[in-house]
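*Asks:* Input: one structure, supplied below.
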Amino acid sequence: MKHLLSTRDLDRETAVSILDIAEDMARTADREVRKLPTLRGRTVVNLFFEDSTRTRLSFESAAKRLSADVITFSAKGSSVSKGESLKDTAQTLQAMGADAIVVRHHGSGAAHLLAHSGWIEAHVLNAGDGTHEHPTQALLDAFTIRQRCYGADSRGRDLSGMRVVIVGDILHSRVARSNVWLLTTLGAEVHLVAPRTLLPSGVETWPVRVHEHLESALALDVDAVMMLRIQQERMHDAFFPSAREYAREWGLTAERFAALGPDTMVMHPGPMNRGLEISSAAADSARSTVLDQVTNGVFIRMAVLYLLVAGSPEASA
Amino acid sequence: MTGLLIRGASVLGQSRDDIRVRDGRIVATGSLVAELDERVIDAEGLVALPGFVDLHTHLREPGGEASETVLTGTRAAAAGGFTAVFAMANTSPVADTAGVVEQVQQLGEQHGYATVRPIGAVTAGLAGERLSEIGAMARSRAAVRVFSDDGHCVHDALLMRRALEYVATFDGVIAQHAQEPRLTAGAQMNEGALSGELGLAGWPAVAEEAIIARDVLLAQHTGARLHVCHVSTAGSVEVIRWAKARGIAVTAEVTPHHLLLTEELARGYDAHFKVNPPLRRDEDARALREALADGTIDIVATDHAPHPAEAKECTWAEAAFGMVGLESALPVLQSTMIETGMLGFADIARVLSSAPAAIGRLEGYAAPVQEGVPANLVLVDPSARRTWSTDDLRGRSANTPYRGIELAGAIVATVHAGVPTVLDGVVRPAEEVATAASAAREAARG
Amino acid sequence: MTARTVLHDADIRRALRRIAHEVLESRRGDGRLVFLGIPTRGTVLAERIQRVVDEIEPGTSSVGSLDITLYRDDLARTPTRAPAPTRIPDEGIDDAIVVLVDDVLYSGRTVRAALDALADHGRPRAVRLAVLVDRGHRELPIRADFVGKNLPSSTSERVSVRLAEVDGAEEVTIEP
């Protein structure tokens, strides 16, 4: 694997092997020494054009556990905000010896552009591009679902037979896009629930079932419900009338949560808007995987960094 | 040498004739014998067409000289077989006063590659709030007849009504950039399954069609002339067809890129394919080709929109809209319309020359390649084929979308007002053209 | 391609039994034994040796596996490979006598990586090394404590260990 840009590029075998390697990485967390020497001497650059402390810390932690040298470059307050282009920034980082660039950018396609423009040689890992994709988030979600269902018996398994419901702002969600492609590749059945204003055009061509009402989706025997974050600015853009109406129609309220099956897990990529898309009853319950997702994020990112960076460039091309 | 003799050209792709040019005019056609003081151009196997007229060019001067100037833009025009271009008003300062339009027109005259007819802004500063100095521009030396806020839509219905009524006073036409601004806030590409997948904000067809529908009704109501810029959807074609059937005074243009290219090209996030209006679906491109063939769409205009490299070498959302298109216009038309049998070269003379000249009230293009008309000519080699590259461009910017695409047809020679601007496929140096153009003007004044 | 068989199934069985006895003899005091095989074939050999030890002195030893993929010093020169699982017995390795088991000892780099990996799991009282075949050509100052067979070879020769659990055959061959 040269780059990780989109979960569309992953076949079932590759996706399962990433989850399996993440299992190996997870094992190292209970050891006396958590650090692995695997990427000693390699340089991983976190290039963040968009603020996201959680994702940045997760990638930093993953790279450091693998003994890579980590350079973090936040665009705010740097030359980028003074008009330096993505191209110049990337070439500068390459000149500093970056083996991999983890890029988070507000523009859809930014990671794709870095990988395919010919500007740089480094491996590119998409840490979220605009409203396009966020592949490591989807991988950690899949890992979390698999682990909750199969525990120690997870290795080698896909998500066949699982039913996952994704609720909320599908239109603007890179998490939703990456999850739709990955979860279906892994054999899961994916359902989307959103007001029609927050569904992307062409969603009928996606390998999913779309519901306009949360009840009809939750009435199915659901393995996981994934609630997406509602961004504040969506409320100003009249995608729905009010926060109260959104919470009532599409939020995982305490009542809806109580009606879920006993084994249904509740997922959220964070940060949560409590009382809007998710109630505290759901967020704080034992069935909530929110903190597991954070923990597993490090293992998934270790696995992906290992796969991208450890091998020789020729061998992995 | 004072004259030109073009030998053996196929005029409008039909009869084989010689053409004699003297003092800026075509003085004879038929079977002619070369005279001593004539430059002879061997045009065996070439098609002679009237010089092309582009009703939609961005020359960028004043203010955008890093992308293009009147000199470099008209040089690109000459390379593409154009002898007249209408320069869009979105310069800096905006062409909304007599002073700016006269300056642009005068620069064009001085360089001599092509006639430059400035387009005046409809609203002051393109701000969409109040009318610009339309009368002053119409009565200036530039004699502006086409008014457009291109790049912006005149979206206020009342302002559009007033503009249509007011320019009619000066025999003018409003060239509308049809884009409902609220429906396209932040829009990046055609709205559809692909925009949903790529996570790029969609640009719905209805945003264009709704404005065109409103405007043709306003044109009917006011009795004024409306021209629709760069039509891009099958639905827009339907609206225009309906309006024409009702006798409304509407004309429409399509760009070469909307005839050939489709939204699929956005898949690689290469911003060279980012343009306003966006590339649409395959069925839209097909509808546009059919509409051009059946006359629903009157003309082809390039929307030549030069941008510096850095405006395209960035993420899609940050990149500028637009592509250069003067040099590639005829090759794209030959590839999409002629080689498919949808148009002949006589039709090309109409859609690329006489019809746009008529809409813009530009004289001298009504009767192509005849004795007595101004010598604005282009010689096309229809057998040429080449893989397009930035080496084929003659302007200042390189943002062509056709890199690596094979296109048919090549411009071998261009003659502007009797002065050759392109010979043997090579653009003549600026000083030679400027000197010859100046001498020709002196001679014409007698 | 003329592969010559240097150990047959009976030879392998005898060699492993001998190693099991030697390990027990070498153990001073009552130290707990942990056999850790290096995947893939080292894991199989460790299990077989531990089974013999357990027959002789039941309950004094345990077995697991130690993957070294993430510790290799040639990662950058080879295609990326998926790691194999590491299984450390529940009692851990602190104060145990760890016997690393591998099929072939060659440059010594695998063993170096295994020693690094081991240190990240705890602090054994002692670490020993058992191999089925020692073919020479060391690049590091490492030697085996228990050897099934010393097999002088040229670097151009290829030594292959096949085990029933992994390969469906039971032999060690050498081919030019």
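The values are calculated or read from the model by the stated rules, or taken from the named source; none is laboratory data. As the structure is a computational prediction, the values presented were derived from the model and not from experiment. Note that each Cβ is placed from the backbone with ideal geometry, even for glycine, and that neighbours are counted across all protein chains shown.
*Asks:* Quick one: what pairs do we get from the range A:99-127, first residue under 14 Å from A:VAL309 (Cβ atoms) and more than 10 Å from chain B (Cβ to nearest Cβ), second in a helix (DSSP H, G or I) and hydroxyl-bearing (Ser, Thr, Tyr), C-beta under 8 Å, 6+ apart or different chains?
*Replies:* A:LEU125/A:THR136
*Asks:* Tally the residues that are without any contact (Cβ under 8 Å) to a residue 60 or more places away in the chain and within 19 Å of A:ASP223 (Cα to Cα), restricting the search to the range A:280-299.
*Replies:* Residues meeting the conditions: 10.
*Asks:* Going by the structure shown, is A:THR136 touching a Ser or Thr at 6+ places or on another chain (Cβ under 7 Å), of a type in the set (Val, Ile, Thr), under 30 Å from A:ALA310 (Cβ atoms) and away from chain B (no Cβ under 14 Å)?
*Replies:* Working: touching a Ser or Thr at 6+ places or on another chain (Cβ under 7 Å): no; of a type in the set (Val, Ile, Thr): yes; under 30 Å from A:ALA310 (Cβ atoms): yes; away from chain B (no Cβ under 14 Å): yes.
Spelling it out, it is not the case that A:THR136 is touching a Ser or Thr at 6+ places or on another chain (Cβ under 7 Å), of a type in the set (Val, Ile, Thr), under 30 Å from A:ALA310 (Cβ atoms) and away from chain B (no Cβ under 14 Å).
*Asks:* Kindly provide the set of residues from the range B:220-234 that are surrounded by fewer than 24 Cβ atoms within 10 Å (Cβ to Cβ) and farther than 17 Å from B:ILE299 by Cβ, ordered by number.
*Replies:* Quick first cut of the range B:220-234, residues surrounded by fewer than 24 Cβ atoms within 10 Å (Cβ to Cβ) only: B:220-225, B:234.
Answer for the range B:220-234, where residues must be surrounded by fewer than 24 Cβ atoms within 10 Å (Cβ to Cβ) and farther than 17 Å from B:ILE299 by Cβ: B:GLN220, B:HIS221, B:THR222, B:GLY223, B:ALA224, B:ALA234.
*Asks:* Here's another thing I want to ask about it. Does C:GLU157 qualify as being more than 14 Å from every other protein chain (Cβ to nearest Cβ), of a type in the set (D, E, K, R) and either out of contact with any Pro (no Cβ under 8 Å at 6 or more places or on another chain) or under 21 Å from C:LEU24 (Cα atoms) (or both)? Let's see the steps before the verdict.
*Replies:* Values: more than 14 Å from every other protein chain (Cβ to nearest Cβ): yes; of a type in the set (D, E, K, R): yes; either out of contact with any Pro (no Cβ under 8 Å at 6 or more places or on another chain) or under 21 Å from C:LEU24 (Cα atoms) (or both): no.
Here the answer is no, as C:GLU157 does not meet what is asked.
A quick yes/no check of all residues on (1) surrounded by fewer than 23 Cβ atoms within 10 Å (Cβ to Cβ); (2) within 22 Å of A:ARG65 (Cα to Cα); (3) out of contact with any helix residue (DSSP H, G or I) (no Cβ under 8 Å at 6 or more places or on another chain):
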residue: C:VAL6; (1), (2), (3): yes, no, yes
residue: C:ARG18; (1), (2), (3): yes, no, yes
residue: C:GLU22; (1), (2), (3): yes, no, yes
residue: C:ARG27; (1), (2), (3): yes, no, yes
residue: C:GLY37; (1), (2), (3): no, no, no
residue: C:GLU47; (1), (2), (3): yes, no, yes
residue: C:THR60; (1), (2), (3): yes, no, no
residue: C:LEU66; (1), (2), (3): no, yes, no
residue: C:ARG81; (1), (2), (3): yes, yes, no
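*Asks:* For residues in the range B:150-194 being outside any loop (DSSP other than H, G, I, E, B) and free of Cβ contacts under 8 Å to residues at least 40 places away in the same chain, which is farthest from the other protein chains (Cβ to nearest Cβ)?
*Replies:* Initially, the range B:150-194 is screened for residues outside any loop (DSSP other than H, G, I, E, B), giving B:157-168, B:173-176, B:182-184, B:189-190, B:193-194.
From the residues that got through so far, the ones that are free of Cβ contacts under 8 Å to residues at least 40 places away in the same chain too are B:158-159, B:162, B:166, B:182-184, B:193.
Numbers: B:LEU158: 25, B:LEU159: 25, B:ARG162: 30, B:TYR166: 35, B:ARG182: 11, B:LEU183: 13, B:THR184: 14, B:ALA193: 3 Å.
Within the range B:150-194, the match that is farthest from the other protein chains (Cβ to nearest Cβ) is B:TYR166.
*Asks:* Another question, if that's okay. Report, by residue number, each residue of the range B:299-319 that is part of a loop (DSSP other than H, G, I, E, B) and touching a residue at least 60 places away in the same chain (Cβ under 8 Å).
*Replies:* Restricting attention to the range B:299-319, the residues satisfying the condition of being part of a loop (DSSP other than H, G, I, E, B) are B:301-303, B:305-308, B:312-315, B:319.
Once the filter is applied, which keeps residues that are part of a loop (DSSP other than H, G, I, E, B) and touching a residue at least 60 places away in the same chain (Cβ under 8 Å), the range B:299-319 yields B:ALA301, B:THR302, B:ASP303, B:ALA305, B:PRO306, B:HIS307, B:PRO308, B:LYS312.
*Asks:* Also, I was wondering about something else. Tell me the residue from C:ARG109, C:ARG128 that is surrounded by 15 or more Cβ atoms within 10 Å (Cβ to Cβ) and either away from chain A (no Cβ under 14 Å) or free of Cβ contacts under 8 Å to residues at least 12 places away in the same chain (or both), please.
*Replies:* Details: C:ARG109 fails: either away from chain A (no Cβ under 14 Å) or free of Cβ contacts under 8 Å to residues at least 12 places away in the same chain (or both).
On inspection, the qualifying residue turns out to be C:ARG128.
*Asks:* A follow-up question, please. Starting from residues that are assigned to a loop (DSSP other than H, G, I, E, B) and of a type outside the set (Ser, Thr, Tyr), keep the ones in the range B:1-20 and report whichever is modelled with the highest pLDDT.
*Replies:* Restricting attention to the range B:1-20, the residues satisfying the condition of being assigned to a loop (DSSP other than H, G, I, E, B) are B:1-2, B:12-15.
Applying the additional criterion that residues be of a type outside the set (Ser, Thr, Tyr) yields B:1, B:12-14.
Numbers: B:MET1: 54, B:LEU12: 94, B:GLY13: 90, B:GLN14: 91.
Here the answer is B:LEU12.
*Asks:* Within the range C:52-70, count every residue that is among the charged types (D, E, K, R) and part of a loop (DSSP other than H, G, I, E, B).
*Replies:* Restricting attention to the range C:52-70, the residues satisfying the condition of being among the charged types (D, E, K, R) are C:54-55, C:57, C:67.
From the residues that got through so far, the ones that are part of a loop (DSSP other than H, G, I, E, B) too are C:57, C:67.
Looking only at that region, the number is 2.
*Asks:* With the range A:72-175 as the region, which helices (runs of 4 or more DSSP H) entirely inside it contain at least 2 residues that are of a type in the set (Phe, Trp, Tyr) and surrounded by fewer than 18 Cβ atoms within 10 Å (Cβ to Cβ)?
*Replies:* Working: elements: A:86-95, A:110-116, A:135-150.
Hits in the range A:72-175: none.
*Asks:* Looking only at the range A:3-29, how many residues end up being surrounded by fewer than 19 Cβ atoms within 10 Å (Cβ to Cβ) and of a type in the set (Gly, Ala, Ser)?
*Replies:* 2
*Asks:* A further question follows. Tell me, please, whether a residue that is under 30 Å from B:GLU65 (Cα atoms), modelled with pLDDT under 95 and surrounded by fewer than 20 Cβ atoms within 10 Å (Cβ to Cβ) can be found in the range B:316-335.
*Replies:* yes
*Asks:* To continue, here is another question. Could you list all residues from the range A:12-52 that are more than 21 Å from A:SER178 (Cα to Cα), of a type in the set (Gly, Ala, Ser) and away from chain C (no Cβ under 11 Å)? It would help to see each step written out before you state the result.
*Replies:* Within the range A:12-52, the first condition is being more than 21 Å from A:SER178 (Cα to Cα), and the residues that meet it are A:24-45.
Filter again for of a type in the set (Gly, Ala, Ser), leaving A:26, A:29, A:41.
Across the range A:12-52, the qualifying residues are A:ALA26, A:ALA29.
*Asks:* Is at least one residue of the range C:76-87 closer than 20 Å to C:LEU163 by Cα, in a loop (DSSP other than H, G, I, E, B) and among the small types (Gly, Ala, Ser)?
*Replies:* Yes, some residue in the range C:76-87 is closer than 20 Å to C:LEU163 by Cα, in a loop (DSSP other than H, G, I, E, B) and among the small types (Gly, Ala, Ser).
*Asks:* Being free of Cβ contacts under 8 Å to residues at least 12 places away in the same chain and not in a helix (DSSP H, G or I) is the filter here; which residues of the range A:23-37 pass it?
*Replies:* A:ARG31, A:GLU32, A:VAL33
*Asks:* Next up: In the range B:76-119, how many are farther than 20 Å from B:ALA355 by Cα and outside any helix (DSSP H, G or I)? Full working, then the answer.
*Replies:* Kept after step one, since they are farther than 20 Å from B:ALA355 by Cα, are these residues of the range B:76-119: B:76, B:79, B:89-113.
Still in the running and outside any helix (DSSP H, G or I): B:89-97, B:112-113.
Qualifying residue count for the region: 11.
*Asks:* Then there is this: If I filter the range A:161-183 for residues that are without any contact (Cβ under 8 Å) to a residue 40 or more places away in the chain, touching a helix residue (DSSP H, G or I) at 6+ places or on another chain (Cβ under 7 Å), farther than 23 Å from A:LEU10 by Cβ and not assigned by TED's automatic domain parsing to the domain that holds A:VAL16, do I get at least one hit? Give the derivation first.
*Replies:* Filtering the range A:161-183 down to residues without any contact (Cβ under 8 Å) to a residue 40 or more places away in the chain leaves A:161, A:180.
From what's left, touching a helix residue (DSSP H, G or I) at 6+ places or on another chain (Cβ under 7 Å): none.
Among the residues of the range A:161-183, not one is without any contact (Cβ under 8 Å) to a residue 40 or more places away in the chain, touching a helix residue (DSSP H, G or I) at 6+ places or on another chain (Cβ under 7 Å), farther than 23 Å from A:LEU10 by Cβ and not assigned by TED's automatic domain parsing to the domain that holds A:VAL16, which makes the answer no.
*Asks:* Regarding the range B:253-261, can at least one residue be identified that is surrounded by fewer than 22 Cβ atoms within 10 Å (Cβ to Cβ) and either within 14 Å of chain A (Cβ to nearest Cβ) or of a type outside the set (A, V, I, L, M, F, W, C) (or both)?
*Replies:* No: the range B:253-261 contains no residue that is surrounded by fewer than 22 Cβ atoms within 10 Å (Cβ to Cβ) and either within 14 Å of chain A (Cβ to nearest Cβ) or of a type outside the set (A, V, I, L, M, F, W, C) (or both).
*Asks:* While we're here: Sort out which residues of the range B:8-61 are on the phi > 0 side of the Ramachandran plot and either among the hydrophobic types (A, V, I, L, M, F, W, C) or without any contact (Cβ under 8 Å) to a residue 12 or more places away in the chain (or both), and write them in order of number.
*Replies:* First, pick out the residues of the range B:8-61 that are on the phi > 0 side of the Ramachandran plot: B:8, B:12-13, B:23-24, B:30, B:45, B:60.
Residue satisfying the conditions is B:LEU12 alone.
*Asks:* Restricting the range A:176-187 to residues that are assigned to a helix (DSSP H, G or I) and of a type in the set (Gly, Ala, Ser), which is nearest to the chain's Cα centre (by Cα)? Working first, answer last.
*Replies:* Taking the range A:176-187 first, the residues assigned to a helix (DSSP H, G or I) are A:176-185.
Right, trim to of a type in the set (Gly, Ala, Ser) and you get A:176, A:178.
Values: A:ALA176: 9, A:SER178: 7 Å.
Residue satisfying both the conditions and the ranking: A:SER178.
*Asks:* Checking the conditions here, which among B:VAL154, B:VAL116, B:VAL70 is crowded, with 24+ Cβ neighbours inside 10 Å and either more than 20 Å from the chain's Cα centre (by Cα) or closer than 30 Å to B:TRP203 by Cβ (or both)? Full working, then the answer.
*Replies:* Numbers: B:VAL116 fails: either more than 20 Å from the chain's Cα centre (by Cα) or closer than 30 Å to B:TRP203 by Cβ (or both); B:VAL70 fails: either more than 20 Å from the chain's Cα centre (by Cα) or closer than 30 Å to B:TRP203 by Cβ (or both).
None of the other options fit; the residue is B:VAL154.
*Asks:* Checking B:ALA436 against (1) assigned to a strand (DSSP E or B); (2) surrounded by fewer than 21 Cβ atoms within 10 Å (Cβ to Cβ): exactly one of these is not met. Which one?
*Replies:* So the condition that B:ALA436 fails would be (1).
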